[in-house]
Amino acid sequence: MRGASDPAEMRRRLGALALATETVDEPTRLTAIRARLPRAEWPERPIVLPAVDAETDLDAELAALAPAEALVIWADEASVAAFGSNPLSPETRGPAARAGRAVGRDRAPAVAEFWR
């Protein structure tokens, strides 16, 4: 975000923007997301979902994990652009997925090293 003095400031501003954005109610959003899933059941294996409390910031979230270690992978500029103004829009799903896979390929060696 332009004008941010450092990454933490950028994350705080982005979180504030997300919280202030007018969105549809939660039941409506969940219905839309469920319609895009192949099935409603959770897989029979562990699943890890990253999340950040938008009212704090990533540094606070990571500090709360101590003494665990975390590897943070950011969306690059191409990924952010691919999300568009509505990252949940079906129109941006393909471009965002392709951009995300490119980030994944780029960061895969760091992830492999982290898990060793």
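We did not get these values from a lab; they are worked out from the coordinates using the rules stated. Not measured: the values here are computed from a predicted model. Methodologically, a virtual Cβ is constructed for each residue, glycine included, from the backbone with ideal geometry; neighbour enumeration extends over all protein chains shown.
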### Calculated FRET value between V103 and E26, using beta carbons and R₀ = 30 Å, to 0.05
0.60
### Message
Suppose R0 equals 25 Å. What FRET efficiency, 1/(1 + (r/R0)^6) with r the Cβ-Cβ distance, do A64 and E9 give to the nearest 0.05?
### Response
0.80
### Rg/Rh for the stretch 1-69, where both radii come from Cα atoms and Rh is the Kirkwood radius
1.07
### Query
I73: net charge of surrounding residues, Cβ under 12 Å, Lys/Arg +1, Asp/Glu -1, itself excluded?
0
### FRET efficiency estimate (nearest 0.05) - Cβ-Cβ, L37 to N86, R0 25 angstrom
0.85
### Query
What does the highest-first list of 104-116, 70-82 look like by mean Cβ count within 10 Å?
70-82, 104-116
